[in-house]
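Peer 1: This is the structure, below, for whatever I ask next.
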Amino acid sequence: MWKTQRSTVKGYFLAGGQMVWWPVGASLFASNVGSGHFIGLAGSGAASGIAATAYEWNGMFSVLVLAWLFLPIYIASGVTTMPEYLRRRFGGKRIQIFLAVLYLFIYIFTKISVDMYAGALFIQQALHWDLYIAVAGLLAITAVYTVSGGLAAVIYTDALQTLIMLVGAVSLMAFSFIEVGGLEGLQAKYFDAIPSIRKENTSCGLPRKDAFHIFRDPVNSDLPWPGVLVGMTIPSLWYWCTDQVIVQRSLAAKNLSHAKGGSLMTSYLKILPLFMMVMPGMISRVLFPDLVACADPDICQKICGNPSGCSDIAYPKLVLELLPVGLRGLMMSVMIAALMSSLTSIFNSSSTIFTMDLWKHFRPRCSEWELMIVGRVFVLLLTVVSILWIPLVQAGQGGQLFIYIQSISSYLQPPVAMVFILGCFWKRANEKGAFWGLVVGLLLGVVRLVLDFIYPEPRCGEPDGRPAVVKYMHYLYFSMVLAAISTLTVLVVSLATEPPGPEMVRVTSTSSQPSLATIPVLFAPSCPAVSVCPGTGLHPHSLSLLRWRTSLGLLPRGRRADFGSVLSSTPPHALRSAGSPGSPAGTLRPGRSRPRTRPRCRSSSAPLPLPTMAQMITNVSARARKLPHPTAPGRPSGLEDEEC
């Protein structure tokens, strides 16, 4: 951890870029699976069955999209925060500031306050402490090493806490299935888990008939299958591909290969929540139906202090009533570890956004030491605001914590996700289109969010007097509509206004058969705004950079003819590389002190296949940070732009 240089901005916020794949993967998993997951997923399993697992399995694919598509773009852009990427992509300051403020609000609403409430609820059930005393004690422990250690401390503690979480959760899973008689016993007994006191002739307290189905009725169910496939994917892409907490851990990897390895590790671990959290929650309902599945508001108020329902106590109840004394202590450590790992990740990422995107905007000449102090103080302020939000979390979405998290995400995250996707993969998107797409989408999302708090979901047996847009439009369907409106706004405004300058474009196409225009390029900050080179579609600086990378062997050898006549005009000495046609096997490559001999490839009449987009991005961007800039001293001679 000392090697990460915690006294520097990069060392504190990006761990010095020296993390290998396994702590990155463990930190990604631990940052995602906090105490909110243990409490929320188990509670949703107790209340409605296995459908909430779809959120976890959706994330299995989204985290791979981050590593293979988005992360190379972020690395090539050289950014520290996600709002900073949009500033470099679109220019201007208003999107960066707007997005930085929005991210901080999302963290308060859906992350910090939720995790604090979930961890405190577990301690309240275990030790019978007051809820807010438990919160204060947890925050005091968490803040110590977050404020002092930076991202390196967070990632290493996440790795250890992931191991603790897995051991404890798997132990409880084994005890739970033994108690209920295995999976067959759970399927047989779950539908008989009905509280003894409930309103007759109503569905209050009855298990759902589709409890063991992930894909449910598209109109009348709690998680309609079109929303699961489409509406759920949009917030998932935001979380895994553009959220500062997640991307910051991947950017801390020492290179792109280690970042991909970490994402693969996380993807495999995401299979486990169904068995470690959701099904134990269902087993808890089978074992304690009068407590976990209470249907009378007065009884629920006495049991857990929440008249909306007590399904969120399913996991703590299982721990306290089922495990022997020694394992109870282990599971207590698991819950504390889950809470602390999640909170430290969010605290560090929130302070990064505030200092790098907001504080530096108002004080551009501030020192690194000042940024460090401001980041630490902001963490303390963030905790106070989050504690004040806990009562609203407690009452949200009928007492189901996990559904509260997903509904808030569906209202605020789709516009941001679509702006990132269009900014990365559509070169015509400009600053005006992105800004108004964010504004229009978020205004609609905030209206729906306010309506949800003004008109909460009625308790079982009560009449539903909510407005039609809240009553009949599921939040996953609203996510789809919001994403469509935001995308349409970006498209219309971008096409109606001037296109972005070539120096703003990072990726210009996603074709699987790339041309020159699909190669991600880095532009110098002082790159002049001149016309593109004739016949290439590339900026002069981009053409020079392409030739420079070719001379260093960063493009696939033997395929330079496939890139058209542009490279054919490159001076011959700039294309010499070991093993390339027309050059001796022992030719010196730039930066090498001795010849590197390679066996010649066998000749073949069949042309070699063109590299895929992912291969092109990997070949170029993985080395971008390690190579000198084309205009820097030491650049190979003869790569001037006179041909342009």
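The values are calculated or read from the model by the stated rules, or taken from the named source; none is laboratory data. Bear in mind the structure is a predicted one, so any value in this text is a computation, not a measurement. Counting neighbours? That spans all protein chains shown, and the Cβs are built from the backbone with ideal geometry, glycine included. Quick note on the areas: whole protein, heavy atoms, side chains included, nothing else; ligands and nucleic acids left out. Shrake-Rupley method; radii C 1.70, N 1.55, O 1.52, S 1.80 Å.
Peer 1: What do you get for trypsin sites (Lys or Arg not before Pro) in segment 192-294 restricted to DSSP loop and a cutoff of at most 14 other Cβ within 10 Å of the site's Cβ?
Peer 2: Lys199, Lys209
Peer 1: Between the DSSP loop rule and a limit of at most 15 other Cβ atoms within 10 Å, which trypsin sites (Lys or Arg not before Pro) in segment 48-138 are left? Present the calculation step by step, with values, prior to reporting the outcome.
Peer 2: Values: sites: Arg87, Arg88, Arg89, Lys93, Arg94, Lys111; in loops: Lys93.
Here the trypsin sites (Lys or Arg not before Pro) that fit, given the DSSP loop and packing criteria, are Lys93.
Peer 1: Let me ask something additional. Looking at segment 166-268, which GluC sites (Glu not before Pro) are in a loop (DSSP not H, G, I, E or B) and have at most 12 other Cβ atoms within 10 Å?
Peer 2: When the GluC sites (Glu not before Pro) of segment 166-268 are filtered for loop state and at most 12 Cβ neighbours within 10 Å, Glu200 remain.
Peer 1: Obtain the nm distance between the two label points defined at Met473 and Arg94 by a simple spin-label model: each point lies 7 Å from its Cα along the Cα-to-C-beta direction.
Peer 2: In this crude spin-label approximation the distance works out to 2.5 nm.
Peer 1: Keeping all protein chains in place, calculate the accessible area per residue for segment 415-460 (probe 1.4 angstrom), answer in Å².
Peer 2: Here the per-residue accessible area is 41 Å².
Peer 1: Okay, moving on. For segment 22-127, give the percent of accessible area contributed by carbon and sulfur heavy atoms, probe 1.4 Å, rounded to a whole number.
Peer 2: Taking all protein chains in place, segment 22-127 shows 69 percent carbon and sulfur surface.
Peer 1: For the pair Gln187/Trp129, report the inter-label distance in nm, with labels modelled 7 Å from Cα in the Cβ direction.
Peer 2: According to this spin-label approximation, the distance is 4.2 nm.
Peer 1: For segment 311-418, which whole-number percentage of the solvent-accessible area (1.4 Å probe, protein heavy atoms only) is attributable to carbon and sulfur atoms?
Peer 2: 68 percent
Peer 1: Then there is this: Between rounded, prolate and oblate, where does segment 279-369 land on the alpha carbon gyration tensor, with a ≥ b ≥ c its root eigenvalues, rounded for a/c under 1.5, else prolate if a/b exceeds b/c?
Peer 2: Prolate, since a/c reaches 1.5 and a/b exceeds b/c.
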